[in-house]
1. (1) more than 30 Å from residue 199 (Cβ to Cβ); (2) surrounded by 22 or more Cβ atoms within 10 Å (Cβ to Cβ); (3) over 13 Å from the mean Cα position of the chain (by Cα): which one isn't true of residue 141, the others all being true?
2. Sort out which residues of region 31-47 are over 15 Å from residue 219 (Cβ atoms) and over 17 Å from the mean Cα position of the chain (by Cα), and write them in order of number.
3. Can you confirm whether residue 68 is away from the ligand (no atom under 12 Å from the Cβ), over 19 Å from the mean Cα position of the chain (by Cα) and small (Gly, Ala, Ser)?
4. In this structure, is residue 87 more than 9 Å from the ligand (Cβ to nearest atom), open to solvent by 50 Å² or more (accessible area, probe 1.4 Å), at pLDDT 95 or above and part of a loop (DSSP other than H, G, I, E, B)?
5. If you go through region 20-44, how many residues are closer than 26 Å to residue 173 by Cβ and part of a helix (DSSP H, G or I)?
6. Checking the condition among the small types (Gly, Ala, Ser) and either at pLDDT below 95 or in contact with an Asp or Glu (Cβ under 8 Å, 6 or more places away or on another chain) (or both), which residue from 221, 239 passes?
7. Assuming residue 17 fulfils every condition listed in (1) of a type outside the set (Phe, Trp, Tyr); (2) more than 10 Å from the ligand (Cβ to nearest atom); (3) within 20 Å of the chain's Cα centre (by Cα); (4) not in a loop (DSSP other than H, G, I, E, B) apart from one, which condition is it?
8. If you scan region 103-123, which residues turn out to be buried (at least 22 other Cβ atoms within 10 Å of the Cβ) and within 14 Å of the ligand (Cβ to nearest atom)?
Amino acid sequence: MSQVVLITGGSSGIGKSIGEFLHQKGFTVYGTSRNPEKVTGSVFPLIALDVRNAESIQAAVAEIITKSGRVDVVINNAGVGITGPIEEIPTDEIKNNFETNLFGPIEVMKAVLPHMRNQKSGLIINITSIAGYMGLPYRGIYSASKGALELITEALRMETKQFGIKITNVAPGDFATNIAAGRYHAPVIKGSVYEVPYGNTLNEMNTHVDSGSNPEEMAGAIYKIIQTPNPKVHYKVGAFMQKFSIVLKRALPDKVYEKMLMNHYKL
Ligand code: NAP
């Protein structure tokens with residue numbers, strides 16, 4: 001019997017790549033999109049789901065249970081970027097980011113856990129970010145939403161181990177997807193005290209995503225994790241220096257690390 005997989009955000013980028021890879025490996029894949037009717041050519045079905053809407057999550061999970069009778073692997077992939085000087089980002093946009101990147105994945109886990117407990121098995125993979133390991137300048141809100149999801153995973157993993165449920169974090173580095181296009185950018189305000197440093201950082205960030213790795217690399221990593229009997233708590237996938245930045249943060253004194261980041265972003 002093929003394993004049943006739910007991937008939130010299967011219409012683009014990393015989620016789409018993972019879905020195509022697992023579909024090709026014989027998994028029963030359900031992806032999601034806020035607007036599935038607008039997506040053409042998906043090789044796996046896309047169910048309507050907005051992670052900010054708990055009812056749509058419940059309905060999507062119910063549909064999968066009705067059609068396939070179980071859900072073995074859940075990949076909390078849907079997420080959005082946000083940039084801006086924290087002082088200038090509208091509070092509604094900060095809340096929207098947390099709704100999508102943190103409260104959404106929590107709601108998805110709440111919806112699938114009863115089914116996984118009944119099955120006495122299940123694997124949840126939370127897609128976080130290497131940016132969640134450090135407070136990055138002008139990306140602080142994104143770093144915080146992803147860092148918080150990393151901690152939720154650590155806690156929930158211990159709470160659900162008794163039911164045979166496995167939970168893990170996978171933190172990508174920079175991958176070439178549509179994330180920059182879908183990101184909320186606080187406007188660079190002419191005359192603002194942050195105009196020059198924020199403008200420079202924004203240019204630096206966009207170059208990184210455009211020159212990012214192929215999302216197929218993430219698909220291969222996820223496939224390996226699914227086949228691992230006891231997944232680790234944290235995985236990092238991406239270019240060596242991006243992964244190494246986490247090692248440096250642990251090894252270096254805080255102020256040295258801060259200086260290194262500021263030099264990198266030309267601040
Ligand atoms: P992407 O190409 O923009 O894809 C984002 C996906 O999330 C889309 O399928 C989108 O689906 C879905 N989505 C967005 N908002 C949603 C919402 N409110 N409810 C449900 N689905 C929603 O970006 P990506 O790079 O593949 O990002 C995938 C994940 O990887 C995200 O969590 C992101 O933070 C993380 N990540 C990416 C990178 C990178 O460099 N690309 C680095 C670190 C972490 P619809 O628009 O069709 O609804």
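1. Answer for residue 141: the failing condition is (1).
2. Once the filter is applied, which keeps residues that are over 15 Å from residue 219 (Cβ atoms) and over 17 Å from the mean Cα position of the chain (by Cα), region 31-47 yields 35, 36, 37, 38, 39, 40, 41, 45, 46, 47.
3. Criteria met by residue 68.
4. yes
5. Within region 20-44, residues that are closer than 26 Å to residue 173 by Cβ and part of a helix (DSSP H, G or I) number 5.
6. After applying the criteria, what remains is 239.
7. For residue 17, the exception is condition (2).
8. Hits for region 103-123 are 104, 105, 108.
The values are calculated or read from the model by the stated rules, or taken from the named source; none is laboratory data. Just so we're clear, the structure is a prediction, and the values are computed from it rather than from any experiment. Note: ideal-geometry Cβ built from the backbone for every residue, glycine included; neighbour counts use all protein chains shown. Remember, those area values only see protein heavy atoms, side chains included, never the ligands or the DNA or RNA. Shrake-Rupley method; radii C 1.70, N 1.55, O 1.52, S 1.80 Å.
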